Each structure stands twice: as structure tokens, then as C-alpha cells.
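No value in this document is a laboratory result; all are computed from the given coordinates. This one's a predicted model, so the numbers in the text were calculated from it and none came from an experiment. So basically every Cβ, Gly included, is an ideal-geometry build from the backbone, and we count neighbours across all protein chains shown.
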Amino acid sequence: MVKILDATLREGEQTPGVYFEGHNKLAIAEKLDSVGVDIIEAGHPLISNNIYKAVKQIANMGLKAKVAAHSRSTKKDVDIALDCGVDFLGIFYCVSNARLDGVFKKDLSYATEQISKIISYAREQRPDLMIRYTPEDTVRSNFDNVAQVAVAAVKAGADVISIADTTGYMIPGTDRSMYDFVTKLKLVFDKEGVAPQIAVHCHNDRGLALANAIDGYRAGADIIDCTVLGIGERAGIVDLAQLLVLFREDFSVTNEWNLLELNELYEFVSHYAKIAIAKNLPIIGQNAFTHCAGVHTHAAVINPLHYHSLAPEIVGRKMEICLDHMSGISSVKYGLQKIGMEDVEDTFALQVLGEVKTIGETGRTVNDLKELERIALWCRQNTEETA
Ligand code: HCA
Ligand code: CU
């Protein structure tokens with residue numbers, strides 16, 4: 001069964017200007033746990049004392065989810081991560097020729113040895129630890145380098161190999177597809193007689209993170225990385241809510257996720273990250289289940305499925321009808337029904353519609369039912385006066 005790794009507290013905190021105080025990190029971890037994600041990547045403990053303390057406390061909260069620490073391929077990073085008592089260790093080291101030659105000034109055999117040594121070391125310390133190795137920028141690295149180091153990492157004790165699309169470079173259905181990359185790497189593993197779990201970590205630079213993650217899943221990836229609101233470096237990564245809903249609704253994944261907790265989690269993260277939830281954000285955004293144009297409303301009131309392919313109830317929400325300059329008579333009748341005015345005559349509904357459209361043209365919507373009541377009363381009185 002596919003596993004979800006939420007990296008809001010690690011990748012998410014790499015968003016410019018985002019910092020979660022320790023106590024808020026604990027609350028986010030708790031909320032992620034009640035949503036039911038499998039792994040919570042809590043931070044890179046070597047970065048600061050505050051991150052170290054938060055990772056340690058989260059690891060000791062007794063959550064159902066595994067708690068992960070991020071670590072470079074150095075003994076110093078691994079020691080401090082293990083000191084936190086995490087049950088998952090994510091080690092990264094880029095093995096592209098460009099980085100080996102241009103930044104690290106090391107060759108591939110040095111890198112392979114260094115990575116294997118660190119993984120064996122972590123494995124010796126903690127036989128039960130889940131160890132992930134990520135060749136950072138995997139998909140733009142020389143494939144043979146990735147294959148060689150990944151196989152060596154598994155032989156040294158890694159349980160998971162993560163394919164990172166660090167720069168959001170992949171495009172489904174092309175010669176840069178995550179589907180093909182996962183397939184090709186799995187063939188190497190089969191040939192070498194190793195069977196690690198495969199994770200995919202997809203950045204959203206081209207707006208294709210979710211599509212690439214699903215592509216990876218279809219090719220057999222076992223773990224998918226994501227964050228709340230998709231936050232992370234630059235354009236971020238896969239959005240948690242979108243991923244869960246897609247799995248639940250379209251891939252019939254039956255994990256026990258509690259999608260009803262998502263709205264509260266998003267509100268919380270949005271508040272402390274100081275990143276507003278875009279109104280048109282799928283699933284969570286204010287407009288995600290709101291119908292506006294008269295034609296849409298007319299059909300949606302008869303059967304919501306005419307204009308949506310996801311039911312708002314999945315995340316505990318309801319279909320909404322927006323009243324503004326785009327509205328039609330059915331929109332108004334629907335709104336009036338909500339305030340207890342059933343079966344009004346068309347002339348009256350049209351009068352209310354006129355008022356609603358005038359307000360809509362000022363760039364405002366009539367979503368407050370109390371205002372609709374006042375408009376209805378105003379129109380009734382006018383009708384009586386002219387009668
Ligand atoms: C980073 C880059 C990373 C690492 C992913 C991983 C990426 O911030 O270190 O360690 O699995 O996108 O490659 O997030
Ligand atoms: Cu990343």
C-alpha cells in the first residue's frame with residue numbers, strides 16, 4: 001500500500017520566510033498524525049538547536065507515524081539525528097558529475113564509498129531504523145551514477161531509495177518522465193537482486209509535481225513526498241490534500257486517512273507559515289466547491305455532478321453557490337430557498353437577481369445569507385409600493 005511522507009516541517013520550512021516555532025511544530029506533527037500520514041519528516045537536526053529539540057520531541061510523542069530526520073552523508077549529521085530517537089533517517093548526497101566535479105571535487109567511487117560507509121554506520125547503530133538514501137537531483141544526474149550508488153546504498157543497509165526531482169524538471173509522457181525513470185531503476189534493482197522501497201520527491205517548478213508523483217506511483221513507487229499547501233523550496237512540492245484525495249477517489253487506495261482533518265491542518269499551517277490559502281486551491285481553497293455562472297448553478301442545483309467531479313463532502317465541505325454578476329435566476333432561487341423562501345414567483349426572483357447583479361458588478365458577492373434576506377425584503381417592499 002502506498003505510503004505518504006509529509007515534509008512540511010523540513011522541506012516546508014525551506015520556504016523563504018517560513019519558520020515554525022517548536023510548539024507549533026509539535027501541533028503540526030499531531031495534526032498530520034491524525035490525518036494519518038505514514039511518515040513525518042520533522043527536520044534536519046544539525047541545522048539548529050531549535051530544530052534538534054523539535055525533532056527530538058516529535059520523535060518522542062508516541063505518534064502512529066514514523067518520524068524522520070534529514071541528514072547529509074556525514075557522521076556528524078547521522079549522530080545528531082539518531083540522538084533524537086527518530087525511526088526514519090533520510091540521507092542525501094548528490095552524485096551528478098556536475099556536482100561531483102564542480103562542487104565536491106570528488107569522484108564517483110569516493111562518493112559511493114562515503115555513502116555506503118555512513119549508511120552501514122547508521123544501520124549498525126540502529127538495526128530497526130528505516131534508512132532512505134536520496135541521490136539529490138536524481139533525475140538530472142547521470143543515470144549510471146545513480147544506479148551504482150543506489151545499489152551500493154541498498155547493499156550497505158538502505159531500505160528506501162528516493163528519486164528526487166529536485167528542480168521540477170520531469171514531464172509526464174515525454175523522455176523526461178518519472179514513470180520511465182522509476183521503471184528503469186527498478187530494472188536495475190531486479191538485475192542486482194536488491195528490492196528497496198522507492199520514494200518519489202517531486203518539485204513543482206513546472207506545475208507538474210502532482211502529475212509526476214502519480215506517474216511515479218503508477219510505475220511502482222511505494223512512498224510519495226508532499227507538504228501541506230505544497231510549500232517548500234521555490235515553487236514547492238506536491239500538495240498533501242490533492243495527493244490524498246486523488247489516491248482515495250481515483251486510485252481506490254484504502255489507507256485509513258482522515259480527510260476531514262485536512263481543513264483544520266491547512267488553516268493552522270497557513271496561519272503560522274503566513275501563507276494565505278489561495279481561493280482557487282484545489283480541495284481546500286474557499287472557491288474549490290463554489291459554482292458561480294448561472295448556467296453552472298442551474299445544472300448543479302439539479303445534480304452537483306454536472307459541474308464537479310469531486311464531492312465536497314470528501315473533506316467535510318458543502319457545495320456553495322455564489323451570488324454575483326454571473327448569477328442566473330436559479331442561483332437566486334437556490335439562495336432564497338436557503339433563507340426559507342420556497343417557490344417564489346419569477347418576477348420577484350428576477351428583481352432580487354437585478355440587485356445581486358448590481359452588487360456583483362462592484363466586485364462583491366452576496367454570500368452572506370443575512371444580506372440576501374435584506375435584499376429580498378427590500379425587493380418585497382418595493383413590489384408592494386408599486387402594486
Ligand atoms: C534538499 C533537497 C531535497 C532533498 C530530498 C531528500 C530535494 O533540500 O536537501 O533528501 O529526499 O528536493 O532533492 O529536498
Ligand atoms: Cu526537495
* Structure fact -> Among His201, Ala111, Val18, the residue whose Cα sits farthest towards the positive end of the charge dipole of the chain (+1 at Cβ of Lys and Arg, -1 at Cβ of Asp and Glu, taken about the Cα centre) is Ala111
* Structure fact -> Rounded to one decimal in nm, the spacing of the 7 Å Cα→Cβ label points at Asp144 and Asp107 is 1.3 nm
* Estimated FRET transfer efficiency when R0 is 25 angstrom, pair Glu342-Asn280 (beta carbons, to 0.05) -> 0.20
* Folded to 0 to 90 degrees: helix 49-59 orientation relative to the chain principal axis, Cα -> 80 degrees
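So, by mean Cβ neighbours within 10 angstrom, what's the order for 133-140, 206-213, 111-118 with the highest one leading?
Packing proxy ranking, top to bottom: 133-140, 206-213, 111-118.
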* Structure fact -> The distance between the Cα centres of the range 197-243 and the range 1-51, in whole Å, is 16 Å
* **Karplus (6.51, -1.76, 1.60) ³J(HN,Hα), θ = phi - 60°, over the range 354-360, in Hz, Gly and Pro reported as x** => x, 5, 4, 5, 4, 5, x
* Which distance in nm do the two modelled labels at Leu187 and Lys75 give, with both placed 7 Å along the Cα-to-Cβ direction? -> 4.0 nm
* Bridge type composition, the range 3-273 - antiparallel percent by DSSP, nearest 5 -> 5 percent
* Likely footprinting exposure, Ser120, Ser96, fewest C-beta neighbours within 10 Å first -> Ser120, Ser96
* Structure fact -> A student applying the Cα gyration tensor rule (rounded when a/c is under 1.5; otherwise prolate if a/b is larger than b/c, oblate if not) would label the range 3-273 oblate
* To do: List the lysines whose Cα lies under 30 Å from the Cα of Lys333, skipping any in the same chain that are fewer than 8 positions away.
  => Lys279, Lys318, Lys357, Lys370
* Structure fact -> Taking placed amide H atoms and a strict 5 Å upper bound, the residues 5 or more places from His291 or on another chain that come that close are Glu320, Ile321, Cys322
* Name the lysines eligible as straight-distance cross-link partners of Lys76: C-alpha to C-alpha under 25 Å, and not fewer than 8 places from it in the same chain. => Lys25, Lys53, Lys56, Lys66, Lys105, Lys106, Lys117, Lys155
* Asked: Quick one: if you stick a label point 7 Å off each Cα along the C-beta vector at Lys64 and Leu369, how many nm between them?
  -> 3.4 nm
